[in-house]
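The values are calculated or read from the model by the stated rules, or taken from the named source; none is laboratory data. Being a predicted model, the structure only gives us computed values, none of them experimental. Every residue, glycine among them, receives a Cβ derived from its backbone with ideal geometry; neighbour counts consider all protein chains shown.
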Amino acid sequence: MEVDLDLALRIAEVARDRAASHGALVSVAVVDAGGHLVAFTRMDGAEIAGPVLARDKAYTAVAHRCGTDELTELVSPGAALAGMSSADGGRYIAFGGGVPLWSGDRVVGGIGVSGGTSDQDVDAAVTALAVWMEAEAPS
């Protein structure tokens, strides 16, 4: 299964609605297997860094095949991925809000949410992940 525009827009809407339920103003990006933007939304009043961070969280989730919150300890000084954040022009993000979209044994896309607290961003992304999992489930 691949990430198409209609599904990406539904995923973004669910993430945005979940963030709004927490009072967070966020940007949401959905990318394909190559980390290319498929859908994006930014809530009125969301932070100016959100568009870049949401996209890069989604990209990082695809590139590393894990949630961005799982990378936090790995990038600390002396850890296995120390210095990762300077790779690819600083595009890799190691705090919560990015999750990969799996289809079988491969990552076919990612969701990135930025603008709330790390916990709010993770919650919005994981809630939106359910849209993907429902679409991915065999009928």
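Below is a table of values for the structure above.
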{"quantity": "Number of positions in segment 16-31 that are crowded, with 20+ Cβ neighbours inside 10 Å and either within 24 Å of Asp105 (Cα to Cα) or not hydroxyl-bearing (Ser, Thr, Tyr) (or both)", "calculated": "9"}
{"quantity": "Residue check for Thr60: under 11 Å from the mean Cα position of the chain (by Cα) and polar (S, T, N, Q)", "calculated": "yes"}
{"quantity": "Out of Gly97, Gly78, sole residue that is within 17 Å of the chain's Cα centre (by Cα) and either over 19 Å from Ala20 (Cβ atoms) or modelled with pLDDT of 95 or more (or both)", "calculated": "Gly97"}
{"quantity": "Residue check for Asp123: of a type in the set (Asp, Glu) and either part of a loop (DSSP other than H, G, I, E, B) or under 12 Å from the mean Cα position of the chain (by Cα) (or both)", "calculated": "yes"}
{"quantity": "Selection count where residues are buried (at least 18 other Cβ atoms within 10 Å of the Cβ), farther than 11 Å from Ala12 by Cα and either out of contact with any strand residue (DSSP E or B) (no Cβ under 8 Å at 6 or more places or on another chain) or not aliphatic (A, V, I, L, M) (or both), scope segment 123-135", "calculated": "1"}
{"quantity": "Single residue of segment 1-15 satisfying the filter (of a type in the set (Asp, Glu) and surrounded by fewer than 15 Cβ atoms within 10 Å (Cβ to Cβ)) that is nearest to Val107 (Cα to Cα)", "calculated": "Glu2"}
{"quantity": "Filtered residues of segment 25-70 (kept if within 18 Å of Glu2 (Cβ to Cβ) and in contact with a Gly (Cβ under 8 Å, 6 or more places away or on another chain))", "calculated": "Ala29, Val30, Val31, Asp32, Ala33, Gly35, Val38, Ala58, Tyr59, Ala61, Val62, Ala63"}
{"quantity": "Breaking point among (1) surrounded by fewer than 24 Cβ atoms within 10 Å (Cβ to Cβ); (2) part of a helix (DSSP H, G or I); (3) of a type outside the set (Ser, Thr, Tyr); (4) out of contact with any Gly (no Cβ under 6 Å at 6 or more places or on another chain), for Val107", "calculated": "(2)"}
{"quantity": "Qualifying residues in segment 59-104 (those that are assigned to a loop (DSSP other than H, G, I, E, B) and among the β-branched types (Val, Ile, Thr)) - the one surrounded by the most Cβ atoms within 10 Å (Cβ to Cβ)", "calculated": "Ile93"}
